[in-house]
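K.L.:
Sharing a structure below in structure tokens format, with a few things to ask.
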Amino acid sequence: MIATRRAADTAIILIIMLLAWQALHQLVGATALPGPVPTLAYLARFVPSERFAENAWATLVCFFYALLLSYGIGLAIGVWMGIHRLSGAVGEPILISLYTLPKVTLYPVVLLIFGLSLSGRVTFGAMHGVLPVALLTMSAIRNIPPVYLKSARTLHLSGWQTILTMLFPAALPEIVGGLRIGFTLTLLGVLLAEMFAAKQGLGSLIINAMQLMQAEEMLTVAVVLFAFAALANALLLWIEHRLHRRV
Amino acid sequence: MSRVGWIRLAVLAIAIGLLELCCRLGLIDQRVVIPPSEMAVALVRLLISGEANEQIVRTFGIVLLAALISVVAGFALGAVIHALPRVRQSLDPFFATYYAVPIFIFYPVMIVIFGLSAIPIVLMGVATAIVAMIIATLNGLDRVPQVLAKVARVHRMGAIATALRLKLPAAAPHLFTGVKLAVSYAFIGVIASEFILAPAGLGRVISDAYTDFNNRQMYALMLLLIIVATIVNMFLHVVDQRWAERRGIAKP
Amino acid sequence: MTTAAADADIHAALSGVTRVYPETIATPPVHALGPLDLELKRGEFFAVVGPSGCGKSTLLEVLAGLQQPTAGTVMFEGRTVSGKVPDGIGVVFQEDASFPWMTVWDNAAFGLRRNGVATAEIRRRVDDALAFMGLTEFARAYPAQLSGGMRQRVCISRTLVLQPRLILLDEPFGALDAQTRLLMGDEVLRLWRRTGATVLLITHALDEAAMLSDRIGAMSARPGRFLDIVVTGWSRERDSKIVSEPQFGEITGRLWEDLRGESLKSLGHPGMAAG
């Protein structure tokens, strides 16, 4: 009963957001900001189109590679810095200050190295995602209670058994939290790269639409990306909560 | 400084030295990356010539303004939402999703509505920063121990005195975490917006320098941004940690 | 007990007090306390023991004026208590209520500063209270640097400087280990003797109640009522050494007789309680 009330309250928030959109639309005019209804109508026509599919596919491919890099490198750094205490102590502040840096500043360097290519966009996306994955993996490993290691020894577990049956499950929820934030930021990085300089992808589609004053298309792409990110986040958050409850 | 601190300094020095060496030896093309020493020289020259001063002041001014608006409005909104549990519950999924959505996709929308001026940039700065402050405020007010309300009544304190003398100081370290996040997020929001499209500002100048192959100017300003952002963020981070330590709050 | 002389001897009193927590969306109404009568004599040390959730803390908060009784009246020094904590009552809570943003000294001075007491007087009273609680060398420390027991002493100092005539202690040592609790008990006895205040102690520890009090009220499971009032007969100059006396065993034994069934009830075994 409480769950349904919550769902209802959240629905009310969504409706309020739609109404605010409509009100803003009335305020600034249809050319600058189309209302929700024409946008959704445009969305229904645009999403099945070839042009959308091509650009969405380009973004997805780029995002997939960037995510692979973020997770691979982030987990490797995180595990290493979590296990090797000295590296962790030395590296953590460096990673934190890199994390808070506006990484867009560095995009021209990436462009100078890779040119206007897929690898440049992938690298830039991965630059955003690596740090949270590494930082949270490190903290997950550090936060494993020492009593687990003691129990593993009293149970005469081998090194690999200890890692598989004790350390990995204990650290998993927090690592998944890092993967979730890494997912979000990698997507942001890829989209920023596409918005700044690219000939394909949803990010460049938005910028083109803005320059051609096609507000409906611009909003449509924004809404699609919004929904994609929100759903993916909800899914990862759900997994994270399940893991936390289990522990 | 501790041993770890020295090692960290050495690691950074070696990294910069290696980059310098690679550039000097031609392992890295100077058309791609210029040696760090030349970046520093270019930055000093640029600062002395005063060419970029206007842009520098403009950008840091906008960051400051956006951070200020976010902190003040974020705290006020957080306090109001905290007082209304049902509103808060329904907003929770919204907060949990907010930073998962790349809000930059709405920057072009802002430009279309407000025109190509400083307003959309300030708004993007606020949009990236304010929710962090709201969440930190909610978090801080949640951590105010219930027993403080009883202590206040034993001392026959009114609602305002209780809020100012007990609840605010109790929540203060968490609120500061919000300030720290708001500043660094405002930085990211403003610079990224200027980068993508802006009439002026550091982001725009760097992006122009890139298009004009003016590597010296580009790397000088990049270095400036990185130095300022790092110093500000590290300062806030250290103050935050000190405060948490003194209050015995465990922070990740 | 209607003569003026007898009334003057009664420092605080609850008569016919009940407390029912009103129903909320998630919970039905809860009858937490009473009806119950209690008269605290001036200068006595009274302890209330009972199983967890029996309404002990509710009793303290009603007496302090932190909660309104649903029925009945609360009197303190001849006046009805309603809605406000009267002057002259000091409360020490179970939770750590020290202010982590203030030094130990400023914590202790908090109430005096609010009351606008002169600076010299504040200094005298705070230094005195900190010395009495053994906190002098920690005056400049922050609570986070102290142990749980030390922080509770800070809270006691903060109450003490206001020179309360009735001190209410709500399981102040609940979070401390058993040995520290005995030592803190000695401190409380010293404090009680020196201030001459009336003390009401809420506790779930039978030994603590037996060692500290002049009288002990054994409380039933919810709704809380007094099952028995035990008079200990200790001299005023007692300390924790009395735990080795045979009388101490008799008192704790009697309290356990009173409370065994009630504790089982609060554990959720009514059948066992009957047997």
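K.L.:
What number of residues within the range B:84-121 are open to solvent by less than 50 Å² (accessible area, probe 1.4 Å) and part of a loop (DSSP other than H, G, I, E, B)?
P.N.:
Matching residues across the range B:84-121 total 5.
K.L.:
When you go through C:72, C:83, C:90, C:78 one by one, which is the residue that is open to solvent by 10 Å² or more (accessible area, probe 1.4 Å) and in contact (Cβ under 8 Å) with a residue 60 or more places away in the chain?
P.N.:
It is C:78.
K.L.:
Please state which one of A:59, A:39 is of a type outside the set (D, E, K, R), in a helix (DSSP H, G or I) and under 28 Å from residue B:90 (Cα atoms).
P.N.:
Only one candidate qualifies: A:39.
K.L.:
Can we say residue B:2 is among the hydroxyl-bearing types (Ser, Thr, Tyr), more than 24 Å from residue A:24 (Cβ to Cβ) and not assigned by TED's automatic domain parsing to the domain that holds residue B:212?
P.N.:
Yes.
K.L.:
Here are some conditions: (1) open to solvent by 40 Å² or more (accessible area, probe 1.4 Å); (2) touching a helix residue (DSSP H, G or I) at 6+ places or on another chain (Cβ under 9 Å). Residue A:164 meets all but one. Which one does it not meet?
P.N.:
Condition not satisfied by residue A:164: (2).
K.L.:
Identify the single condition in (1) surrounded by 14 or more Cβ atoms within 10 Å (Cβ to Cβ); (2) within 14 Å of another protein chain (Cβ to nearest Cβ); (3) small (Gly, Ala, Ser) that residue B:78 does not satisfy, given that it satisfies every other one.
P.N.:
(2)
K.L.:
Checking the conditions here, which among C:222, C:236 is within 25 Å of residue C:10 (Cα to Cα) and open to solvent by 40 Å² or more (accessible area, probe 1.4 Å)?
P.N.:
Being within 25 Å of residue C:10 (Cα to Cα) and open to solvent by 40 Å² or more (accessible area, probe 1.4 Å) holds for just one of C:222, C:236, which is C:236.
Results for (1) at pLDDT below 85; (2) more than 14 Å from the chain's Cα centre (by Cα); (3) within 24 Å of residue A:75 (Cβ to Cβ), shown as yes or no for each residue.
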| site | (1), (2), (3) |
| --- | --- |
| A:148 | yes, yes, yes |
| A:152 | yes, yes, yes |
| A:201 | no, yes, no |
| A:240 | no, yes, yes |
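K.L.:
More than 8 Å from every other protein chain (Cβ to nearest Cβ) and aliphatic (A, V, I, L, M): which single residue out of B:168, B:91 fits that description?
P.N.:
B:168
K.L.:
For residue B:166, only one of the following conditions fails: (1) in contact (Cβ under 8 Å) with a residue 24 or more places away in the chain; (2) of a type in the set (A, V, I, L, M, F, W, C); (3) open to solvent by less than 10 Å² (accessible area, probe 1.4 Å). What is its number?
P.N.:
Only one criterion is unmet by residue B:166, namely (1).
K.L.:
Here's something else I'd like to know. Given A:208, A:233, which one is over 23 Å from the mean Cα position of the chain (by Cα), within 12 Å of another protein chain (Cβ to nearest Cβ), assigned to a helix (DSSP H, G or I) and within 30 Å of residue A:34 (Cβ to Cβ)?
P.N.:
None of the other options fit; the residue is A:208.
K.L.:
Determine whether the range A:25-40 contains at least one residue that is in contact with a Ser or Thr (Cβ under 9 Å, 6 or more places away or on another chain) and either surrounded by fewer than 17 Cβ atoms within 10 Å (Cβ to Cβ) or β-branched (Val, Ile, Thr) (or both).
P.N.:
Yes, because at least one residue in the range A:25-40 is in contact with a Ser or Thr (Cβ under 9 Å, 6 or more places away or on another chain) and either surrounded by fewer than 17 Cβ atoms within 10 Å (Cβ to Cβ) or β-branched (Val, Ile, Thr) (or both).
The values are calculated or read from the model by the stated rules, or taken from the named source; none is laboratory data. It should be emphasised that the depicted structure is a prediction, and the values quoted were computed from it without experimental measurement. Ideal geometry is used to build each Cβ from the backbone, glycine not excepted, and the neighbour counts take in all protein chains shown. Only protein heavy atoms, including side chains, enter the accessible area calculation; ligands, DNA and RNA are left aside. Shrake-Rupley method; radii C 1.70, N 1.55, O 1.52, S 1.80 Å.
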